[in-house]
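Written below as structure tokens is the structure these notes are about.
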Amino acid sequence: MPPFRVIHISDTHLSRHRAWFVPNFQAMAGIISDVYPDLVVNTGDISFDGANREDDLAFSRMCHARLDVPFCAVPGNHDVGDNPWSPGIAPAITEPRLGRYREQFGPDHWMLDAGHWVLIGLNVQLFGSGLPAETEQWTFLTAAAAKARGRPVALFVHKPLFHERADEAEVSHRYVPPDHRGRVLDLLGPGLQLVASGHVHQHRRLRVDGIAHCWAPSTAFVLPDHRQPRLGTKHIGYIDYAFHEDRVDVRVVEPSQLTNHDLDEFPEAYQH
Ligand SMILES: [Fe+2]
Ligand SMILES: [Fe+2]
């Protein structure tokens, strides 16, 4: 059986109004058309500011609708607001923001078959929100884990689970909060083989407790060192996965067709 091919893109930060990163997405769409994978997954920050501008979500959806292969997404903090990891987070995830995202992109959590593998997408922005959707997602994950038992699982999320170890106690903007991370790992158990994430705009690979973690680069821009510590590789690109029955091959690609933007080139973007 040929492997199930997934192209994992992330942090596309698309907007009709602030269209700086649209050419990179268009170049990426050309690459997707050439590779013709079984699936494309975008792990969030699909839009530049969809949490505050509905049209950023609508425009991002339109860009992805032009892809000629199946497509799934999970939302990021710029699409639905952030999980309230600290008091006074703005914009925080709310029911209306989530509703606007779902109108454009459909379910914010999902499970699908990829040959022998099971792929699960989760909206980690919900964690700690107390919204009814958070409870519904835990119910979904419990059922999905039971259904996937005996098969390898790959999890797609916006934020990486942690920096080095699952038992890290520090709470930050960058990672899934410790309690929620622990619950996800407990529910998925030993079937979980791969955690694929975005959010940091850096590529990093690590293996912890038998699980491979892969941080996808952004297709849009990297953050300069004076704004963000260097934890992995700062270069725009995407991840190419080949899911074989007994393993997954992971490859980072930094295509020359995309411009390696640095956020400092755009003084009007995210300077607050
Ligand atoms: Fe991002
Ligand atoms: Fe993000």
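Listed values, structure above:
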| quantity | calculated |
| --- | --- |
| Electrostatic dipole magnitude of the chain [Cβ: Lys, Arg +1; Asp, Glu -1; Cα centre; debye, to 20] | 320 debye |
| Relative pair counts by distance (%), Cα atoms of region 115-272, 10 Å bins | 10, 36, 34, 17, 3 |
| Förster radius 25 Å - calculated FRET efficiency between Gln271 and His235, Cβ distance, rounded to 0.05 | 0.65 |
| Simple Cβ-charge dipole of region 44-198, Lys/Arg +1 and Asp/Glu -1, about Cα centre, in debye nearest 20 | 400 debye |
| Relative contact order for region 1-97, counting Cα pairs under 8 Å that sit 6 or more residues apart, in percent | 28 percent |
| Heavy atoms of His109 accessible to a 1.4 Å probe, total area in Å² rounded to 10 | 40 Å² |
| Part-to-part distance (alpha-carbon centres) for region 79-93 and region 127-191, which is given in Å | 18 Å |
| His173 versus Glu245: modelled label distance in nm, points set 7 Å from Cα along the beta carbon direction | 4.7 nm |
| Relative contact order, percent, region 71-173 [alpha-carbon distance under 8 Å, six or more residues apart] | 30 percent |
| Kirkwood hydrodynamic radius of region 79-118, Cα pairs, Å | 12.0 Å |
| Square roots of 5 times each gyration tensor eigenvalue, C-alpha, the chain, largest first, Å | 25, 22, 19 |
| Assigned charges on the beta-carbon of Lys, Arg, Asp, Glu; region 168-219 dipole about Cα centre (debye) | 220 debye |
| Sequence of Leu112, Leu188 from largest to smallest accessible area, 1.4 Å probe | Leu112, Leu188 |
| Taking region 132-272 and dividing mean pair separation by its residue count, relative contact order in percent (alpha carbons under 8 Å, at least six apart) | 17 percent |
| Formal net charge of residues neighbouring Leu39 (Cβ-Cβ distance under 13 Å; K, R +1; D, E -1) | -3 |
| Accessible area, probe 1.4 Å, largest first, for residues Glu170, Glu164 | Glu170, Glu164 |
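The values are calculated or read from the model by the stated rules, or taken from the named source; none is laboratory data. The structure presented is a predicted model; accordingly, all values stated were derived computationally and were not measured. Ideal geometry is used to build each Cβ from the backbone, glycine not excepted, and the neighbour counts take in all protein chains shown. These area figures cover heavy atoms from the full protein model, side chains too; ligands, DNA and RNA do not enter into them. Shrake-Rupley method; radii C 1.70, N 1.55, O 1.52, S 1.80 Å.
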